[in-house]
Each structure stands twice: as structure tokens, then as C-alpha cells.
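The values are calculated or read from the model by the stated rules, or taken from the named source; none is laboratory data. All figures in this text were calculated on a predicted structure; none of them were measured in a lab. These area figures cover heavy atoms from the full protein model, side chains too; ligands, DNA and RNA do not enter into them. Shrake-Rupley method; radii C 1.70, N 1.55, O 1.52, S 1.80 Å.
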Amino acid sequence: MTSPLSPGETSGAATPVEAASKTRVPLKIEDWLTVFIMAALALITFANVLVRYFTNASFAWTEEVSVFLMIVLSMVAGSAAVARNRHIRIEYFADSGPASRQRALAKFGAAMVALLFALIAALSVRMVWDDIQYGETSPGIGVPQWWYSIWLPIISVAITLRAIGLMLRGGVAATDDPALPTSPEVRAEEHAP
């Protein structure tokens, strides 16, 4: 006789939706990058505040690096949002109607995101090349500008691939930990009366 499963356990066999919603590249990458970037931002800002408080001077590089990290943070979080199908949308249209229409809208949205970020990646490669070719330096601390701009095409390609993955999964969001706010369980609770 088998025992019933407790709330956190699974039978080991994935349902068709769970199997279709697996990503080849783990979502933990974006999650951990977000943690590291946020920690770096907090440490840089805290160090600058301490230095300003005790010495009446500040680190010259903190503003430039902080702005760069904020941009990278928003793009990394955008990549995770695309994979989880939680990107900005009008929920009245996206989450109402028959399931087939919801999936079609999710696939269409993913296709548009993939197209947009593929275009951004292609155009930003030219920008990086110009930064390298003309020896552009950053305005604050004078390091080569391509050290910052190289990340735009790289993360844009990552977002493009996440959007293509969402399309190939048929608009089904990537699976998450049931405790996370992006999980299907929590989203169902959001729509409960």
C-alpha cells in the first residue's frame, strides 16, 4: 500500500504541462545574478556613504558603476520575466478567455519580445564595435566604454533565447518553486475571488 503524498512532494513523474515548461538553461542563473548584482550595488553604495560621511569626499567610480549595474540588473530580471511569462502585459486580455487564446497571445508576445531583443542585440554589436574602434572611454573614470556596452548584446541575446524558449513551450511559463510569487499556484491565488 502506498502512502499519500504530502503537500510538498511529487510522484516523480512530470505532468505534460510540467514537462513542457522545463527550460534547458536553469532559471537559477538569472536569480543568482540578480542576488549578486543587488549585493554589489548595496556594498558599493554603502561604502561610498561611509567614505563621504567620514572624509567629506567620495569614490569617483561609484556612480558610474552603480548606473551600469542597475542597467544590467533590469535586463537580467527582464530575462527571467520573459522565461516565466510574467513580463508586463494587459492582464485583462492576456489572462482572460479560453486557454487557447491565452497561449496564442503568450506566443505572439514572446515572438515580439524575441524580435525586439534580436534587433537590439544586432544594433548594439555595432555600438560595441564603434566603442572599440574609436577608443571611447567612460566619462567618469576613463575606462574603455566597451567594458560596459559589451553586456547589452550579450544579455539581449539571452532575452531573445528565453523568448524563443517561451514560444517553443507554447506560451507556457517556465516552472518555478511553488513558494515563489511567479509560481502557477501563487498566480491562481491572485485571481481567486
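Please compute the per residue accessible area over segment 96-150 with all protein chains in place, 1.4 Å probe, rounded to a whole number of Å².
Values: 3560 Å² over 55 residues.
Per-residue accessible area for segment 96-150 comes out at 65 Å².
I'd like to know how segment 46-185 sits against the 2.2 N^0.38 Å rule of thumb: what's its Cα Rg over that expected value? Provide the component values of the computation, followed by the final result.
Working: Rg = 19.6 Å, N = 140, 2.2 N^0.38 = 14.4 Å.
Relative to the 2.2 N^0.38 Å estimate, segment 46-185 comes out at 1.37.
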Cα-based convex hull volume of segment 53-108 per residue, rounded to whole Å³: 110 Å³
